[in-house]
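J.: Please see the structure below; I have some questions.
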């Protein structure tokens, strides 16, 4: 059984770096930009196979130049089989 962690997060940026942050987040595996809320905030969805993987993805996002903060909106946990595993 594999646990999936689906998280919705608000990413606050400095307004002058918003486009740069969007491009950088757009290249990350298992991360989807759901909405651009204004000139300095994104709502993203992270789909990870574990809390450790989620932590690593958030660390990558936090280190992007222009990211001011990351705030959790929700976590959803699923257990199930993936590809017959």
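No lab work stands behind these numbers, since they all come straight from the coordinates. Please read all numbers here as calculations on a predicted model, not as lab measurements. As a convention, Cβ positions derive from the backbone with ideal geometry for all residues, glycine included, and neighbour counts pool all protein chains shown.
J.: Testing the spin-label approximation: label points 7 Å from Cα along Cα→Cβ at residue 68 and residue 28. State their distance in nm.
T.: About 1.8 nm separates the two model spin labels.
J.: Taking N as the number of residues in the chain, what value does Rg over Cα atoms divided by 2.2 N^0.38 Å take?
T.: Normalised by 2.2 N^0.38 Å, the Cα Rg of the chain equals 1.13.
J.: For n ≥ 4 DSSP H runs only, could you compute -39500 (n - 2.57) per run for the chain, divide by its residues and tell me the 222 nm figure to the nearest 500?
T.: Counting only the DSSP helices, I get -7500 deg cm²/dmol.
J.: At 7 Å along the Cα-to-beta-carbon direction for both residue 79 and residue 60, put a label point, then send me their distance in nm to one decimal.
T.: Each label point is offset 7 Å from its Cα along the Cβ direction, giving 2.7 nm.
J.: Suppose a student asked you for the relative contact order of the chain, using Cα pairs under 8 Å spaced at least 6 residues apart; what percent would you report?
T.: Computed over the chain, the figure is 49 percent.
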